[in-house]
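The values are calculated or read from the model by the stated rules, or taken from the named source; none is laboratory data. Treat the numbers as computed from the prediction; the structure is a model and nothing was measured. Cβ sites come from the backbone with ideal geometry, for glycine too, and all protein chains shown count toward neighbours. Ligands, DNA and RNA are excluded from the accessible area calculation, which covers all protein heavy atoms including side chains. Shrake-Rupley method; radii C 1.70, N 1.55, O 1.52, S 1.80 Å.
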Amino acid sequence: MEKNGLIIGYDLCKDFCRISCFRDGEAEPEDFAFSDNENPYILHNSICKKKGADQWFVGAQAYEAALMGSGAVVDKLLKIVEMNGFSTLEGKRYSAEDLLYYFIRESLSGLLKSRGTNEIASIVFTLQEPEPRVIDALNASTKRLGLPEGTVHVISHTESFLYFAISQKRELWTNLSVLYDLSANGLHYYEMETLRGMTPNVARAKCSFLEDGFSPAILSSSSGQRLADNIMTSCIDRMLSKKVVSSVYLSGNGMEKCQEWGPSFIKLLCQRRRVFYIENLFAKGAAYAAADRLNPVSAYPFRFMCKGHIDVDICLSVMRGSNRQNLCVAAGGENWFDVHTEIDFIVDEEDAVRFTVRRLNDKTDGEIIVPLDEFKKLGRRENRYHLSAKFISEEIFSVTVTDKGFGDFYPASDVVVNRSFRIGKEE
Amino acid sequence: MGRLLLCGKEAQHPYVVEDLDLRIRSAEELCYYIYHNVALLPDGFFDERLLRFLEEELEMKETAEKIRRFCHSESDEDNTLYMLLSENGFYRPEEMEEFRARLAMRRRRNGPEKTKDRGDALVFQERYRSALRAFRSLKDRQGDARITQDFYVSVLNSMADCYGCLGEFDKAYECLVMVYEETRSMEILKKMYEVCNLSDIAFPDCYANRIPSETMRRWERSFQTKVAVAEQRAQENPVMECFLHDPEKAREELCAFADAEKEKYRKMLE
């Protein structure tokens, strides 16, 4: 990978995006200012195509262009991608993927220009809840941008927080690290802890949506602010009073002026805890993750576990040449959507593909068996099979085996075997 | 204990074995070809073309390097063949020992015997024209001290089989006559009788008189049975079934069948 290029964390939310970036060797990621407006670090997820030209505007410029009559604005891009929608601009149909491609291209162009480079060494997109359709669209868009495979990854906000927290000074995560994020999506609570005594050590994070949360819109009135202060005070008292917390982070546009509207909860929070407001926390965390992806092996001495990460190792015993070895098909700690193994194999006196499933928590072993008796050729060794194994959701592991024949010697059949297995997560 | 053998890379540009019109795309196919066609492996098998294929197409650079370093003579070549198959792990230890024994036997064969083995291997692959070329080269070397009369007769017998499979019954008959004149075998006489029945060659009286009438009747019954069985098999061909019961699908199936048979016939004639 190009180590001289930019290392980018890209927070893609429902309505806006944020970017943090640095280069290899720099200590901290820097937030990118899209404009010099009141909220320079936020870019709204809107796009506008200039009439009669192959020129695209994004964010506030898109709205301005639309107001000037230069084109029509399309916003809520993430929703369009999730719904696999499209938009018709100047009589031409643009798919969700097209729109996302243009948006990402324009949003990154300013950054690359400001940093004087066209090279991207690694980029990690972080989403509230990564969904397969959005992940596929991001991969397709970045491939279209010319970013090589392996340069682009997607993580959840939870994982992003994990990376951010664990990248701070050790004293800030010796005990719990927590985060309250307040935005138009509501109030989310994140918690990160490290578990020692396991091999390797584990850093675990979780997220919960607080039902008793509120929208930042209520902060526009003084009564709303008082209510918000009361809610936060109650939350903190309930959630943190019995926990040993090393650091508390506040993020989201709702928390920007929390010292003004929430004096009570801030006072409670700061009792024996270190509290930080980090505006671009998820983008920064994604940038740390992007930097770590450049290393052949993670530089963090932890296995990261959070929602979306599988908590099992899945292996397959194979012969490589004359040596038997365990092929790792899925490693615990990986994001489920990153698991994708493709191999070709030949069967010798076997009637099934047998995977070993080992739970990370208690090291118990199970087995997943994909029978091969639908292939009528099992008696003959000279036949190549293709195996594709991946998770199709956090708990469903899917295996597909296809007959490839044996070159000019024996033709392939049409038989395809597909099996899915539920691999429940341990509580 | 069962095994799952992890396969290597598949080649973009296959290695072509011209004698067999074969395209090899993987290390596993290469090992299979070597294991089952020892008699067909040419001298100097490990040439630059093969080594480039291993390096560039299959990404087996280390293996190619080893071959370049060690393969200098015929015995080196046998050891190298063994090494290549061992490294791949496609064949079990007992199969590798059997392979080693076949290599050793091949090394003990003289030139004409190797050529005959090559011809027989080509017959097994239904490459009758290629097989005939090998057999004819032996027939033309009848004066060679290594070619005994028995050996010569077996070559003629194999040639007769090839001509028969190609439908060239007159040539098959000629070869069988030469074999019979040497051996006076009743089995050969029976073959001659059957070839005449399949073609418009008249079975000469000088041979017919040597066959007792009961034997002749038995041969006739046996031949008719063979014809009936062949006709029955033709009727039971799935393509024929399709033709009779599903005319819509028949055309498609017939085209595919015809293509396959044409390909097979083309290979026989190469």
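So if I take the centroid of the Cα atoms in region A:378-415 and the same for region A:318-341, what is the distance between those two points in Å?
Cα centres, region A:378-415 to region A:318-341: 16 Å.
So if each residue of separation counts as 0.36 nm, and I subtract the Cα-Cα distance between A:SER241 and A:ASN418, what length gain in nm does that give? Intermediate results must be reported in sequence, preceding the final value.
Details: separation 177, 0.36 × 177 = 63.72 nm, distance 5.01 nm.
Extra length available between A:SER241 and A:ASN418 comes to 58.7 nm.
Under a 1.4 Å probe, what is the accessible area of region A:6-154 per residue, stated in Å²? If you can, show how the numbers build up before the last one.
Working: 7150 Å² over 149 residues.
So region A:6-154 comes to 48 Å² accessible per residue, rounded to a whole number.
Check cross-link reach from B:LYS66 to the lysines: straight Cα distance under 20 Å, and skip same-chain residues fewer than eight apart.
B:LYS66 reaches B:LYS9.
May I ask you to list the residues of region A:43-84 whose amide nitrogen lies under 19 Å from a point 7 Å from Cα along the Cα→beta-carbon direction of A:LYS143?
Backbone N within reach: A:81-82, A:84.
Which residues of region A:371-408 bury at least 20 Å² of accessible area once all protein chains are present, versus their chain alone (1.4 Å probe)?
A:ARG381, A:GLU382, A:ARG384, A:LYS404, A:PHE406, A:GLY407, A:ASP408
Find the accessible area per residue for region A:312-422; the probe is 1.4 Å, ligands and nucleic acids are left out, and the unit is Å². Can you show the working numbers first?
Values: 5060 Å² over 111 residues.
I get 46 Å² per residue for this part.
State, as an integer percentage, the relative contact order of chain A based on alpha-carbon contacts under 8 Å between residues 6 or more apart.
Numbers: 883 pairs, mean separation 52.2, N = 427.
Reported relative contact order: 12 percent.
For peptide A:313-325, what's the mean number of Cβ atoms from other chains within 10 Å of each residue's Cβ?
On the way: counts 0, 0, 0, 2, 3, 5, 7, 5, 9, 10, 2, 4, 1.
Neighbouring Cβ atoms belonging to other protein chains average 4 per residue here.
Can you give the % of DSSP beta bridges in chain A that are antiparallel, to the nearest 5? Walk me through the numbers before you get to the answer.
On the way: 78 of 103 bridges.
Of the beta bridges lying entirely in chain A, close to 75 percent run antiparallel.
Per 0.36 nm of contour for each residue apart, how much would the distance between A:ILE396 and A:LYS376 grow if the chain were fully extended, relative to their Cα-Cα spacing? Please list the in-between numbers first.
Values: separation 20, 0.36 × 20 = 7.20 nm, distance 2.76 nm.
Here the segment from A:ILE396 to A:LYS376 would lengthen by 4.4 nm.
Mind checking the dipole of region A:160-280: about its Cα centre, +1 per Lys or Arg Cβ, -1 per Asp or Glu Cβ, Debye to the nearest 20? Let's see the in-between values first.
Details: 14 positive and 11 negative charges, 113 e Å.
Roughly 540 debye, rounded to the nearest 20.
Using a cut-off of 16 Å between alpha-carbon atoms, which aspartates and glutamates can reach A:LYS257, once sequence neighbours fewer than 8 places away in the same chain are excluded?
Hits, sequence-local ones excluded: A:GLU38, A:ASP181, A:ASP229, A:GLU279.
Express the carbon and sulfur contribution to the solvent-accessible surface of the protein assembly as shown as a percent, rounded to the nearest whole number, probe 1.4 angstrom. Don't jump to the answer; show the numbers that get you there.
Details: 17200 of 34920 Å².
Answer for the protein assembly as shown is 49 percent, counting heavy atoms of protein chains only.
Kindly provide the helix-only [θ] at 222 nm of chain A, computed as the sum of -39,500 (n - 2.57) over DSSP H runs of four or more divided by all residues, to the nearest 500 deg cm²/dmol?
Details: 9 runs with 100 residues, N = 427.
Helix-only estimate at 222 nm: -7000 deg cm²/dmol.
Residues of region B:111-210: accessible area per residue at 1.4 Å, in Å²? Spell out each step's value before the answer.
Details: 4940 Å² over 100 residues.
That works out to 49 Å² for each residue.
Under the 0.36 nm per residue contour assumption, what length would be gained going from the current alpha-carbon distance of A:SER264 and A:ALA184 to full extension?
Values: separation 80, 0.36 × 80 = 28.80 nm, distance 2.23 nm.
This chain segment gains 26.6 nm when fully extended.
Heavy-atom accessible surface, probe 1.4 Å, ligands and DNA/RNA ignored: which residues of region A:328-350 lose at least 20 Å² versus the isolated chain?
Those are A:ASP344, A:PHE345, A:ILE346, A:ASP348, A:GLU349, A:GLU350, which lose 20 Å² or more relative to the chain on its own.
Cα centroids of region B:154-190 and region A:291-315: how far apart, whole angstrom?
After rounding, the separation between the Cα centres reads 73 Å.
Label chain A by shape, choosing from rounded, prolate and oblate, from the square roots a ≥ b ≥ c of the eigenvalues of the Cα gyration tensor; if a/c is under 1.5 it is rounded, and otherwise prolate applies when a/b is larger than b/c, oblate when it is not. Can you show the working numbers first?
Values: a/c = 2.17, a/b = 1.39, b/c = 1.56.
It comes out oblate by the Cα gyration axes.
For the pairs A:LYS49/A:LYS92; A:LYS169/A:LYS284; A:LYS50/A:LYS76; A:LYS169/A:LYS242, note any where the Cα-Cα span goes beyond 20 Å. Write out the running numbers ahead of the final one.
Working: A:LYS49/A:LYS92 11 Å; A:LYS169/A:LYS284 15 Å; A:LYS50/A:LYS76 18 Å; A:LYS169/A:LYS242 23 Å.
The pairs that break the limit, which is 20 Å between Cα atoms, are A:LYS169/A:LYS242.
How big is the A/B interface in buried accessible area, both sides summed, 1.4 Å probe, to the nearest 100 Å²? Present the calculation step by step, with values, prior to reporting the outcome.
Working: alone 21090 and 16280 Å², together 34920 Å².
Buried: approximately 2500 Å² between B and A.
Kindly identify residues of region B:20-37 having a loss of at least 40 Å² in accessible area between the isolated chain and the assembly of all protein chains, probe radius 1.4 Å.
Listed by number, the residues meeting the 40 Å² cut-off are B:LEU22, B:GLU29, B:TYR32.
Taking a ≥ b ≥ c as the square roots of the eigenvalues of the Cα gyration tensor of chain B, is the shape rounded (a/c under 1.5), prolate (a/b larger than b/c) or oblate? Can you show the working numbers first?
Details: a/c = 2.58, a/b = 1.44, b/c = 1.80.
Cα axes put chain B in the oblate bin.
Hey, how many Å between the Cα centroid of region B:1-36 and the Cα centroid of region A:1-71?
Region B:1-36 and region A:1-71 have Cα centres separated by 51 Å.
Do the alpha carbons of any pairs in B:LYS226/B:LYS264; A:LYS404/B:LYS114; A:LYS206/A:LYS390; A:LYS376/B:LYS191 sit beyond 30 Å of each other, and which pairs? Walk me through the numbers on the way to the answer.
Working: B:LYS226/B:LYS264 23 Å; A:LYS404/B:LYS114 35 Å; A:LYS206/A:LYS390 23 Å; A:LYS376/B:LYS191 38 Å.
Pairs exceeding the cut-off: A:LYS404/B:LYS114; A:LYS376/B:LYS191.
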